[in-house]
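Below is one structure, written out as structure tokens, with a few remarks after it.
The values are calculated or read from the model by the stated rules, or taken from the named source; none is laboratory data. Remember, it's a predicted structure, so these values are computed and weren't measured experimentally. With ideal geometry, Cβ positions are generated from the backbone for all residues, glycine too; neighbour counts draw on all protein chains shown. Just the protein is used for accessible areas: all its heavy atoms, side chains included, with ligands, DNA and RNA removed. Shrake-Rupley method; radii C 1.70, N 1.55, O 1.52, S 1.80 Å.
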Amino acid sequence: MSLGELVGFGRSADVFAIDDRWVLRRYRDGGDATAEALVMRHVAEHGYPVPGVRSSEGNHGPEAQVVSHATRGELVLQRLSGPTLRKAMRQAAVSADQTGAMLADLLHRLHTIPARVSTDPEHRVLHLDLHPDNVMLTPSGPMVIDWRNTEEGHPALDWAMTALILAQVAVGPTAEATHGRAVLVSLLQRHDPLIHLGGAHADCLAEARTRRAADPNMDALEVRVLDDAAALVRELETELRE
């Protein structure tokens, strides 16, 4: 399969240009992207901001051959323009408070969408990796990318995952630590008051920590700060509730 230039990459996947409208994202480990595509179509049908996913039905143009030959570890996606939310924050185009507010809004909106498969009335679609690198600021507004970790379950786990990821930055040694803490505070100020990560849903914070520790894409330093990160989430949530 002939592809264009490498236009993006993450910890587990590379993104190649097909043309000015479509890209192909390929997992390096060959993981199956079928479920991810189904969930992205499901949330899109409910108005959630995600890139379009190209199917083989009715395909025409240069992406047609790519789609027909795509493996289970590949997705043909709408090509987006604009910086990630993280990059925009580093360039001072958005503030830390705005960043946290945007993440909170995206989580709230996602959790209004009913589960695609589960029949549990409390279950919703979860992203489980929603952080500033996985939000792109396009001319049409923020778009949420990288749905590889998506599951269905209680929204508390999604909030815990996002909070813990931000807290890892906040307690880490990088120059972004101060911003990470400010974004985390902004997020926790806006989370669902019925979700208490340090109380009734403390198990969700513990589950988030376990999942992060098992993530093969994290480096040793990121794993080492997990306990401090979880403690910071509990501390800040308690302060903000008082």
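Here the alpha carbons of segment 158-242 define both size measures, Rg and Dmax, at 12.0, 37 Å. Helical content of the chain, expressed as a calculated mean residue ellipticity at 222 nm, amounts to -13000 deg cm²/dmol (DSSP H runs of 4 or more residues, -39,500 (n - 2.57) each, divided by residue number, nearest 500). Mind pulling the angle between the C-alpha long axis of helix 155-170 and the longest principal axis of the chain? Nearest 10 degrees, somewhere in 0 to 90. The helix 155-170 is inclined about 80 degrees to the chain. Taking only protein heavy atoms and a 1.4 Å probe, the accessible area of segment 136-242 is 54% carbon and sulfur. Shown for segment 1-48: the carbon plus sulfur share of the solvent-accessible area, taken with all protein chains present and a 1.4 angstrom probe, equals 52%.
Taking Cα atoms only, the orientation of helix 96-110 departs from the longest principal axis of the chain by about 70 degrees. Relative to the longest principal axis of the chain, what angle (0 to 90°, nearest 10) does the C-alpha long axis of helix 202-213 take? It works out to around 50 degrees.
Segment 116-178 and segment 182-242 have their alpha-carbon centroids 12 Å apart. Across segment 146-194, what fraction of all alpha-carbon pairs, as a whole percent, falls in each successive 10 Å bin from zero upward? Distribution as computed: 25, 44, 28, 2 percent. Ordering 169, 153, 197 by Cα displacement along the dipole of segment 152-218 toward the positive end leaves 169 in first place; charges were set at the Cβ atoms of Lys, Arg (+1) and Asp, Glu (-1). Accessible surface for segment 131-233, divided over its residues, is 42 Å² per residue with a 1.4 Å probe.
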